[in-house]
Amino acid sequence: MKPNIDIEIITACIPDIYARFTDWFKSVLNASDGTLNLALSGGNTPKALFEYWTANHQDDIDWTRVRFFWSDERCVPPNDEQSNYRMTKEYLFDRLPVSEGQIFRIEGENEPFAEAKRYAEVLRRELKAQNEIPSFDIVMLGMGDDGHTASIFPHQIALWDSPEICVVGTHPQSGQQRVSLSGKTINAAKNIAFLVTGKSKAERVREIIETRGQAERRYPAAKAAAQSGNLLWFLDNDAAALLNP
Ligand code: 6PG
């Protein structure tokens with residue numbers, strides 16, 4: 001595991017943290033000469049970023065150059081209120097000039113292990129490989145209060161080291177199955193960008209940023225370390241509140 005010095009920490013109040021994330025996102029897009037392959041995180045945090053994008057960046061970002069994938073998806077139909085795809089459609093795709101051909105959803109309605117294999121084949125077909133592993137330009141991640149990320153939870157932390165491109169995780173409380181990128185696929189990304197907000201995340205953020213060596217034995221989020229070295233944590237002031245200045 002690389003030392004902490006590889007983590008770039010960006011903190012700001014809300015909504016400034018969305019502006020900082022977007023400025024960085026635009027810099028990555030502008031530095032690429034073609035399309036940008038982006039794996040989106042799920043849950044609630046991205047909603048506010050998507051609202052910020054659709055309110056402020058309809059015209060200055062060429063959204064037709066972005067191809068949308070996911071870091072994980074709940075094993076539910078695409079119109080289910082739990083679906084990350086449905087949330088993204090409502091908050092982003094229905095409000096921006098994005099065509100169906102730019103969207104590569106994880107099909108949560110399928111049998112989970114079959115879908116993990118199918119999505120792995122989609123990634124192999126659509127993405128360039130880094131050491132034979134499909135490599136995203138950006139993997140966007142959130143973090144649960146328990147230190148999970150994507151859909152790899154602490155009680156299944158061994159899934160992070162799976163040899164597979166995609167794995168099937170299980171939510172510890174609800175038992176809901178989810179298809180998720182594995183740790184090696186996440187770490188093969190050119191850029192990993194966490195977006196974490198809220199007081200409830202502050203203690204875990206402190207543990208992961210300041211005691212990384214111990215944290216990576218317990219928390220999947222601590223194991224995210226892009227081989228490229230580009231690991232960024234975008235934190236609002238609440239999530240960053242316990243970090244040493
Ligand atoms: C999901 C996510 C998950 C999420 C964290 C944080 O499908 O739920 O991919 O990893 O990023 O649970 O969720 P919130 O943004 O809702 O706090």
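If you go through the range 60-97 and keep only what is farther than 21 Å from L159 by Cβ and of a type in the set (D, E, K, R), you end up with D60, D62, R65, R67, D80, E81, R86, K89, E90, D94, R95. Of all the criteria given as (1) away from the ligand (no atom under 16 Å from the Cβ); (2) open to solvent by less than 20 Å² (accessible area, probe 1.4 Å); (3) within 21 Å of S135 (Cα to Cα); (4) in contact (Cβ under 8 Å) with a residue 60 or more places away in the chain, the one not satisfied by W24 is (2). Open to solvent by 40 Å² or more (accessible area, probe 1.4 Å) and either farther than 26 Å from D23 by Cα or part of a strand (DSSP E or B) (or both): does that describe Q214? Yes, satisfied. Taking (1) away from the ligand (no atom under 12 Å from the Cβ); (2) within 29 Å of N56 (Cβ to Cβ); (3) among the hydrophobic types (A, V, I, L, M, F, W, C) in turn, A116 satisfies each apart from (2). Summed over the range 184-197, the residues that are open to solvent by less than 10 Å² (accessible area, probe 1.4 Å), β-branched (V, I, T) and over 12 Å from L232 (Cβ atoms) give a count of 2. Taking the range 76-91 as the search range and keeping residues that are in contact with a Lys or Arg (Cβ under 8 Å, 6 or more places away or on another chain) and more than 11 Å from the ligand (Cβ to nearest atom), which one is most open to solvent (accessible area, probe 1.4 Å)? Top of the filtered list is N79.
Conditions first: (1) surrounded by fewer than 18 Cβ atoms within 10 Å (Cβ to Cβ); (2) over 26 Å from S151 (Cβ atoms). D6 passes all but one, so which condition is the exception? Result: D6 fails condition (2) only. Figure legend. Inter-residue proximity from the range 42-63: first residues in contact (Cβ under 8 Å) with a residue 12 or more places away in the chain and more than 16 Å from the ligand (Cβ to nearest atom), second residues part of a helix (DSSP H, G or I) and open to solvent by 10 Å² or more (accessible area, probe 1.4 Å), beta-carbon distance below 7 Å, spacing 6+ or different chains. Indicated pairs: T54/R95; I61/K26. S200 satisfies every condition listed in (1) within 11 Å of the ligand (Cβ to nearest atom); (2) surrounded by 20 or more Cβ atoms within 10 Å (Cβ to Cβ) except (2). Go through the range 135-158 and count every residue that is closer than 21 Å to R124 by Cβ, within 13 Å of the ligand (Cβ to nearest atom) and not in a strand (DSSP E or B). Qualifying residue count for the region: 2.
The values are calculated or read from the model by the stated rules, or taken from the named source; none is laboratory data. None of the values given here were measured: they were computed from a predicted structure. Positions of Cβ are generated from backbone atoms using ideal geometry, with glycine treated the same way; all protein chains shown enter the neighbour counts. Only protein heavy atoms, including side chains, enter the accessible area calculation; ligands, DNA and RNA are left aside. Shrake-Rupley method; radii C 1.70, N 1.55, O 1.52, S 1.80 Å.
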